[in-house]
Amino acid sequence: MSIKDWPVGERPREKLLAKGAHYLSDAELLAVLLGGSGRRGCDAVTAARNLLAQHQSLRSLLSADWGSCLRHSGVGVVGYCRLQAGIELTRRHYAEALRTGPALDSPQATRDFLVTRLRDTPHELFCCLHLDNRHRLIAFEELFRGTIDGALYLASRSSTACKCL
C-alpha cells in the first residue's frame, strides 16, 4: 500500500507539518528525508524501518560509510548524500549556536562542544580550541590525526588548519 493511500493524519509529511518533527518516529523521519523506496510494494516508511533494522540503530546508520549504505536496499547515492548533508547541517547549526551562544567557560560546556564536533569521527584527533578572552570559540584546529598507537602531524594543513566555525 502506498503512503498516498494512508489516512492523511498518518502520512509522515503531513504529520510533520501538523504536529512537528519531534512527533515522528525515526523511521518516519528517515522516510521524509529519503523519499520513496524505489521498490514496488514497499513504501518509504517500511524501507526506512528495514534500514534501521539492518543497521541496528539510527546512530549506526548515520555513521555508516557510503559503501555500507549502498549495500543495503533503500539508500542509493542520493539517499546517502541526503543523510550526510543532514548530519553536516546539524553540526553547522550547533557550531553557529556555540559561536554566538554561551561561552566554553566550564569543563561541561567544553565537553558538550567536543562531543558535538567529534562524535562520529572514525579516528583519534588532537585538536586545539582557540578562545577569546571571554571564552568564546574563535577557531577549532586539528593538529594530529591518528590511531591508538600513532599519529600524523598535519603540517601541510598548518597554514589552513585553523578553521573558524
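Side notes on the structure shown:
- Residues that are among the aliphatic types (A, V, I, L, M), closer than 12 Å to A31 by Cα and at pLDDT below 85, drawn from region 48-82: V75
- Filtered residues of region 78-134 (kept if closer than 18 Å to L58 by Cβ and of a type in the set (K, R)): R82, R91, R119
- Among the residues of region 1-33, the ones that are at pLDDT below 85 and assigned to a helix (DSSP H, G or I) come to 6 in all.
The values are calculated or read from the model by the stated rules, or taken from the named source; none is laboratory data. Computed from a predicted structure; not experimentally measured. Quick reminder, even Gly has a Cβ in these numbers, built from the backbone with ideal geometry, and neighbours come from all protein chains shown.
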